[in-house]
Amino acid sequence: PMTLVTAGDYRLHEISVSGVGLVLAIGGAWSFGDGELLDTVRSIVSEEVSMLGSSPRNRHLVIVDRNPVRGGRGFEYYGVHFGGTVLLLLDPSMDRSRLYDVPMSIVAHEFFHNWNGEALRPVDESFMWFTEGATVFVSYQVLLRAGIINGAQYANMEKGILERCRENPLRGSSSLTGAGNGDLTDRDMVDLLYDGGFAVSRAIDGRIAALTGGGSGLVDVIRRMYEESPGGTAIGLDELNAAITAETGHDLSSFIGQLLSDPLPDVSS
């Protein structure tokens with residue numbers, strides 16, 4: 001139902017990762033080689049398919065090009081996922097060392113939307129905090145597990161997101177369940193959705209880990225929902241709470257409700 005049309009001189013690289021076909025289309029000149037980016041994307045895709053057990057699609061396309069969503073308070077890097085395609089827009093001046101840094105979270109983020117966003121689509125706009133926030137949370141976990149970032153980088157990223165959430169001028173006046181990303185010029189609203197969703201997802205993951213003695217986390221809950229409906233289904237708070245209860249034996253609906261009212265400062269409880 002959705003089509004992406006691009007025009008330009010793209011270099012195509014096709015590989016198989018964990019039984020999934022992956023095509024990388026790269027346009028323009030960069031400080032890094034195509035093979036370096038391909039290896040990083042390969043690591044991310046392999047880690048995510050391993051975490052979720054299987055892929056909703058047997059073939060994916062990742063398109064890399066120059067990022068036009070810049071200037072003023074714009075984005076240094078940006079990504080879009082629709083269908084089996086990930087559009088990755090990077091700052092053309094990006095140093096090659098940043099292939100092993102947080103910009104690659106956008107690859108992990110958009111690719112994870114194959115599960116959380118497409119196979120498990122939000123029942124309505126009020127659940128976008130989970131679609132985006134949980135995906136932000138998992139994307140950095142993926143980079144850490146794949147060795148693309150180290151523990152110090154992860155800690156700095158986490159600290160930055162939580163501080164930005166705490167200082168967001170919309171916090172307290174705009175509901176997290178009412179936040180959206182339809183208008184990319186409203187950076188505060190976009191940040192509230194993503195950063196607030198990250199903070200809530202982080203807290204849920206911590207509570208699940210505490211209840212299971214570290215045996216489970218939020219990724220296991222997402223995998224449970226996906227395995228129950230591999231062909232795709234709509235999810236909301238009811239489905240999330242049911243999956244958490246099945247995974248932990250505890251009902252966290254009240255805990256999540258409190259977090260949605262204000263994801264901070266009690267994100268560590």
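Scan the range 106-129 and tell me whether some residue there is among the basic types (Lys, Arg), within 26 Å of Gln258 (Cα to Cα) and either surrounded by fewer than 24 Cβ atoms within 10 Å (Cβ to Cβ) or in contact with an Asp or Glu (Cβ under 7 Å, 6 or more places away or on another chain) (or both). Yes; the residues of the range 106-129 include at least one that is among the basic types (Lys, Arg), within 26 Å of Gln258 (Cα to Cα) and either surrounded by fewer than 24 Cβ atoms within 10 Å (Cβ to Cβ) or in contact with an Asp or Glu (Cβ under 7 Å, 6 or more places away or on another chain) (or both). Here the range 115-144 is the region considered, the condition is being in a loop (DSSP other than H, G, I, E, B) and in contact (Cβ under 8 Å) with a residue 60 or more places away in the chain, and the residue that is nearest to the chain's Cα centre (by Cα) is Trp115.
Report yes if Leu162 is in contact with a strand residue (DSSP E or B) (Cβ under 7 Å, 6 or more places away or on another chain) and either of a type outside the set (Asp, Glu) or not in a loop (DSSP other than H, G, I, E, B) (or both), otherwise no. It is false that Leu162 is in contact with a strand residue (DSSP E or B) (Cβ under 7 Å, 6 or more places away or on another chain) and either of a type outside the set (Asp, Glu) or not in a loop (DSSP other than H, G, I, E, B) (or both).
Residue pairs whose Cβ atoms lie under 6 Å apart, separated by 6 or more positions or on different chains, with the first residue in the range 157-178 and over 13 Å from Val136 (Cα atoms) and the second among the aromatic types (Phe, Trp, Tyr) and in a helix (DSSP H, G or I), are Leu176/Trp129. If you scan the range 230-251, which residues turn out to be outside any helix (DSSP H, G or I) and in contact with an Asp or Glu (Cβ under 9 Å, 6 or more places away or on another chain)? Hits for the range 230-251 are Gly232, Thr233, Ala234, Gly236. Within the range 7-43, being more than 21 Å from Asn114 (Cβ to Cβ) and acidic (Asp, Glu) holds for Asp9, Asp34, Glu36. Of the set (1) under 16 Å from Phe127 (Cα atoms); (2) in contact (Cβ under 8 Å) with a residue 12 or more places away in the chain; (3) open to solvent by 60 Å² or more (accessible area, probe 1.4 Å), all apply to Gly236 but (3).
From the set of residues in the range 24-52 that are closer than 21 Å to Pro92 by Cα and among the β-branched types (Val, Ile, Thr), which is farthest from the chain's Cα centre (by Cα)? Here the residue is Ile26.
The values are calculated or read from the model by the stated rules, or taken from the named source; none is laboratory data. Worth saying up front: this structure is predicted, and the values here are computed from it rather than measured. With ideal geometry, Cβ positions are generated from the backbone for all residues, glycine too; neighbour counts draw on all protein chains shown. The accessibility values were calculated without ligands, DNA or RNA, using every heavy atom of the protein model including side chains. Shrake-Rupley method; radii C 1.70, N 1.55, O 1.52, S 1.80 Å.
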